[in-house]
Amino acid sequence: MTGEFWIAQTFNGLSYGALLFLLASGLSLIFGVMRIVNLAHGSYFMLGGYVGLSVVWRTGSFVGALVAAGIAVGLIGIGMERIFLRRLSGQTLGQVLMTIGFALIFQDLALLIWGGDPYTIPVPAPLQGVVRLGLSTFPTYRIFIVLVALVIGILLWLALERTRAGAMIRAAVDDAEMARGVGINVPVISLAVFALGACLAALGGVIGGAFLGVYPGADFEVLPYAFVVVIVGGLGSLPGAMVGSLLVGLLDNYGKALFPELSYFTLFAPMALILALRPTGLFGRA
Amino acid sequence: MGRRVLVVCIVVGLMAAGAPLLPAYPLTLLTQALIAAILAMSLDLLLGYTGLPSLGHAAYFGVGAYAVAILATERQVGFAGCLAAGLVAAAVTAALFGLLAIRATGTYFLMITLALGMVVWGLAFRWVSLTKGDNGIAGVPRPELGLPWGLWGALPFFYFALIAAIVAWALLELLVHSPFGLGLEGIRESESRMRALGYNVWLHKYLAFVLSGTLAGFAGVFWAYYNGFVSPVDVQLVTSVETLLMVALGGPGTLLGPAAGAAIIIFLKNFVSVYTKRWLLILGAVYIGAILFAPRGLAGALGRGRR
């Protein structure tokens with residue numbers, strides 16, 4: 001275990017955590033406003049990856065893939081929320097069960113459309129290669145992932161803390177009934193947050209598709225990671241999603257490098273620790 | 001209670017008497033349905049009676065099944081040893097996971113159980129030296145019980161599974177009507193009131209969790225013997241999701257409803273697979289349909305609901 005190894009693993013964990021943040025921030029915001037956990041969130045990640053893949057195949061444009069995946073999956077999210085979930089507003093368990101139904105349908109549809117082969121989205125030319133810093137080398141693409149997550153994190157934070165719409169979302173998170181009472185259109189807020197969450201997950205799917213690949217079952221494989229992130233960070237909290245993503249990304253990478261046979265088990269440790277010490281997560285409120 | 005026992009007696013009597021007349025294929029489906037019914041009823045103890053929606057029930061089922069598969073193939077352990085090991089393994093897993101999961105309620109509980117279930121899946125998938133990974137463990141022999149007839153045939157094994165299902169149902173029926181079971185229902189309705197009345201809410205929930213996991217392991221033991229093959233598919237998320245649907249479809253908090261739900265899902269799955277590979281699509285649609293049109297399950301739709 002040289003210093004080199006630890007630097008490389010830390011950096012890999014950092015970039016994986018950055019990807020998880022794209023997924024978990026939406027999941028967390030949706031929970032904050034609607035009080036439901038969206039089990040189709042991993043499906044948005046997978047669908048985003050597949051839509052991005054198709055766009056890259058047709059046009060060769062990575063930016064086009066990001067835009068198309070974000071819009072397409074955002075629209076799917078809007079449809080799910082508006083047509084199905086809203087009918088069950090107030091019945092948390094029913095809504096959650098319904099998102100499982102959608103997750104199964106999306107998984108099978110993706111298999112039907114894109115087949116069972118694993119694919120990788122090609123890394124755009126300017127982001128290929130490595131950056132040398134002293135003795136260590138860092139893949140440029142992974143640096144890009146970290147930067148994207150950082151920018152999106154800052155934008156989300158500014159939007160939530162500094163804008164009128166953000167204030168309305170925070171009000172809905174704190175107390176949906178009171179927010180409604182003072183004239184905030186909570187159903188519209190819910191819809192917007194759901195669409196935003198879906199869109200972020202799809203972006204994560206495209207970006208992740210270039211280093212994790214796009215394959216059937218990616219949805220259910222990434223979902224527990226997003227869950228552990230929000231369990232660790234606290235549901236409904238943006239800083240929580242950020243810290244949780246970093247912790248889980250790092251721990252998962254160290255675990256995979258040190259104990260390959262027990263890799264999934266590394267999820268267990270951070271979750272167990274946090275639940276034992278702070279059942280509502282690091283930044284969660286009871 | 002009396003009427004439910006009567007219903008079970010009639011259904012079991014019909015099945016036991018009719019089984020010799022059935023061809024092998026429907027008989028194996030019925031056997032599968034019985035094992036799935038044990039699993040669904042074990043989840044009902046948590047979801048229906050205690051109000052805890054577990055999305056990781058395949059974990060305990062799988063741990064029980066893997067315990068049998070490993071011991072029966074590598075160590076040639078007999079039925080009693082495998083059964084005990086399967087139950088203990090599932091109980092220990094549930095006791096460990098319960099410590100984490102029981103701290104949470106509602107959505108949090110669901111997420112934690114899902115993540116814990118995926119941890120078990122990850123071990124089954126990647127801990128190749130123990131579980132043979134993706135290939136699974138094949139060649140689990142049917143148990144030798146020292147009876148004059150073997151369990152290799154479809155019919156004897158069907159009776160074997162039938163007895164297991166009756167045992168599981170009887171235990172659960174006694175449990176949910178005991179003061180402990182009524183305590184669980186009280187917790188489902190109002191945790192704070194039960195706490196105010198002096199009940200140890202945590203202990204009630206924890207014991208329900210461990211018992212439910214152990215019974216799921218019981219189902220897993222029979223599944224390993226029935227299927228002769230255990231793989232990560234048995235512990236994957238879709239298996240947990242199917243189990244949850246069996247309970248939701250049949251009617252949570254009725255035991256017999258989830259058992260019927262299990263039979264419906266098993267028959268539907270096998271019926272659909274004859275025509276198409278799109279089982280997940282149909283499963284998802286059934287899920288959404290059931291939640292929209294029969295939110296309290298078949299038992300609720302039939303107008304019986306909860307007592």
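Read-outs: derived from the displayed coordinates by stated rules, not from any lab. Treat the numbers as computed from the prediction; the structure is a model and nothing was measured. Neighbour counts are summed over all protein chains in view; Cβ atoms, including those assigned to glycine, are modelled from backbone coordinates with ideal geometry.
Miscellaneous remarks
- Nearby aspartates and glutamates by direct alpha-carbon distance to B:Lys132 (threshold 19 angstrom, same-chain neighbours under 8 apart not counted): A:Glu261, B:Glu74, B:Asp234
- Net length available on complete extension from B:Glu189 to B:Ala17 is 57.9 nm, with 0.36 nm assigned per residue and the Cα-Cα distance removed.
- Gyration tensor verdict on segment A:184-275 (Cα atoms; rounded if a/c is under 1.5, prolate if a/b is larger than b/c, oblate otherwise): oblate
- Contact order relative to length of chain B, as percent, for alpha carbon pairs under 8 angstrom and 6 or more apart: 33
- Taking the centroid of alpha carbons for each part, segment A:23-82 and segment B:239-259 are 31 Å apart.
- Put simply, the amide H of B:Arg103, placed in the peptide plane, has no neighbours under 5 Å, leaving out anything fewer than 5 places away on its chain.
- Rounded to the nearest 10 degrees, the inclination of helix A:186-209 to the longest alpha-carbon principal axis of chain A is 10 degrees.
- Using alpha-carbon coordinates, inclination of helix A:140-162 to the longest axis of chain A, degrees: 20
- Interchain or long-range residues, amide H under 5 Å from A:Val130's placed H: A:Thr140
- Rounded if a/c under 1.5, otherwise prolate or oblate - segment B:75-144, Cα gyration tensor axes: oblate
- Amide H to amide H, with H built 1.01 Å from N, B:Leu52 comes under 5 Å of B:Leu47, counting only residues 5 or more places away or on other chains.
- Among B:114-120, B:41-47, A:134-140, the peptide with the highest mean count of other Cβ atoms within 10 Å heads the list, and the full ranking is B:41-47, B:114-120, A:134-140.
- By average C-beta atoms within 10 angstrom, highest first, the peptides B:135-141, A:270-276, A:238-244: A:238-244, A:270-276, B:135-141
- Per-residue ³J(HN,Hα) for segment B:154-168, Karplus 6.51 cos²θ - 1.76 cosθ + 1.60, θ = phi - 60°, Hz, x for Gly and Pro: 5, 5, x, 5, 4, 5, 4, 5, 4, 4, 4, 5, 5, 4, 4
- Overall form of segment B:111-195 per C-alpha gyration tensor (a/c, 1.5; a/b vs b/c): oblate
- Helix A:238-258 axis versus longest C-alpha principal axis of chain A: approximately 30°, rounded to the nearest ten.
- Convex hull of alpha carbon positions in chain B: directionally averaged projected area 16.0 nm².
- Euclidean distance between Cα centres, segment B:163-233 to segment A:225-276, Å: 29
- Spacing of the two label points (7 Å from each Cα toward its C-beta) at B:Glu74 and A:Arg170, in nm: 5.5
- Normalised by 2.2 N^0.38 Å, where N counts its residues, the alpha-carbon radius of gyration of the protein assembly as shown equals 0.98.
- Computed 3J(HN,Hα) for segment B:119-126, one whole-Hz value per residue from the Karplus formula 6.51 cos²θ - 1.76 cosθ + 1.60 where θ = phi - 60°, is 4, 5, 4, x, 5, 4, 7, 10, glycine and proline marked x.
- Panel order for A:Val151, B:Val128, by other beta carbons found within 10 Å of each beta carbon, from fewest to most: A:Val151, B:Val128.
- Averaged over B:114-126, number of beta-carbon atoms from partner chains that fall within 10 Å: 6
- Local electrostatic count at A:Ile154 - Lys and Arg +1, Asp and Glu -1, tallied over other residues with Cβ under 14 Å: 0
- Size descriptor, Kirkwood hydrodynamic radius, that averages inverse alpha-carbon separations across segment A:15-277, Å: 18.8
- Karplus-based coupling profile of segment B:176-181, in residue order and whole Hz: 6, 9, 7, x, 4, x, with θ = phi - 60° in 6.51 cos²θ - 1.76 cosθ + 1.60 and x standing for Gly or Pro.
- For segment A:15-277, relative contact order (Cα pairs under 8 Å, six or more residues apart, normalised by length) works out to 38 percent.
- For segment B:131-179, the C-alpha radius of gyration sits at 1.65 times the compact-globule guess of 2.2 N^0.38 Å, with N the residue count.
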